[in-house]
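To start, the structure itself, in structure tokens.
No value in this document is a laboratory result; all are computed from the given coordinates. Small disclaimer: the values here were computed from a predicted structure and weren't measured. Quick reminder, even Gly has a Cβ in these numbers, built from the backbone with ideal geometry, and neighbours come from all protein chains shown.
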Amino acid sequence: MASFPSIDTELLRTFVAIADEGGFTRAGEAVNRTQSAVSMQMKRLEEDLIQRPLFQKQGRNVSLTMEGQVLLGYARKILKLHGEVFNTLREPHMVGMVKIGTPDDYAMRFLPGILSRFAQAYPLVQIEVHCEPSKQLLQRQDLDLSIVTREPGTEIGQILRQERFVWMEAQGFSPHEHTPLPLAMFNTDCFCRTWACNALDTLQRDYRIAYTSASLAAISAVVTAGLAITAQLESLLTPDLRIIGEAQGLPQLPLASIVLLRNPHSVSPITECLAEHIAEGFKL
């Protein structure tokens, strides 16, 4: 079996920092080393270990050679595995499964980033996601964590964020001018639908529920096609849609609170850690 010299992960960490920062000085600041120390590390990596040139100068910056590009891919993988090993062995209790519940719109808007960051830190934790309206999630007892919508003043649990609940329609279309007003909304158990209909009833504005779905993607497709308007959280606005309101004869809608609920019967280091990641993710 061939014998190869081992590469210290600190050398690889510095190497990746240089690739990311574009220079030895900025990389030194990132890894808390002097420029001379970084230069010595890379000299050892190039001359003693890899025995290939890894960098080429571009003005004041440096870029990677072809060999450097190859090493960069391996370096990132090695450092990722290195981190996973220590997370797993130092925190063996971070193994298991967490069941979380969330409305479909939050799953599309917030969960991808949250779950990606959590998986990088704790790769052995299995996540089971249940997408249901807030009213249904509030009735479930089998979930470890639930993300639900509440009206201000009725919050329970940990408030993740508050934002406007707004009317939206497609750019270039005016379904708000139709009578009765065509709506595309979530199914009947949705807080958003209840708030929108109550607001229209108070204003005595005629409307009809033209399209319903449990899927935000389906509702967005209908609205983007100019077939109806919808009422959603402002953070769900896409470039194809525009916010409409009182100028178009529509009532104001309540501020929405997004809250995180913990199941008191399933509190664990895993659920608490994921709860922290969820809270951070909703701040972004």
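Some points to look at:
- Karplus-derived HN-Hα couplings along the range 220-235 (A = 6.51, B = -1.76, C = 1.60, θ = phi - 60°), whole Hz, x at Gly and Pro: 4, 5, 5, 5, 4, 6, x, 8, 6, 10, 9, 10, 9, 5, 4, 5
- Beta bridges per DSSP with both ends in the chain, % antiparallel, nearest 5: 60 percent
- Descending principal axes extents, the range 9-90, alpha-carbon based, whole Å: 43, 25, 21
- Rounded to two decimals, the Cα radius of gyration of the range 160-255 over 2.2 N^0.38 Å is 0.96.
- Net charge of Cβ neighbours under 14 Å - reference Leu200; Lys, Arg +1; Asp, Glu -1: 0
- Of all DSSP beta bridges confined to the range 160-255, the antiparallel ones make up roughly 55%.
- Charge dipole (debye, nearest 20) of the chain; +1 at Cβ of Lys and Arg, -1 at Cβ of Asp and Glu: 580 debye
- Straight-distance crosslink candidates among aspartates and glutamates, where the alpha carbon sits under 14 Å from Lys43 and sequence neighbours closer than 8 are dropped: Asp8, Glu10
- Local net charge near Phe191, Cβ-Cβ under 10 Å (Lys/Arg +1, Asp/Glu -1): +1
- Under DSSP loop assignment and at most 16 Cβ neighbours within 10 Å, longest trypsin sites (Lys or Arg not before Pro)-free interval of the chain: 61-139
- Furthest towards positive pole of dipole, Ile7, Ser36, Leu253, structure part the chain, Cβ charges: Ser36
- Low-density loop positions, chymotrypsin sites (Phe, Trp or Tyr not before Pro), the range 107-173 - DSSP coil, at most 13 other Cβ in 10 Å: none
- For the chain, the convex hull drawn through the C-alpha positions has a volume of 199 cubic angstrom per residue.
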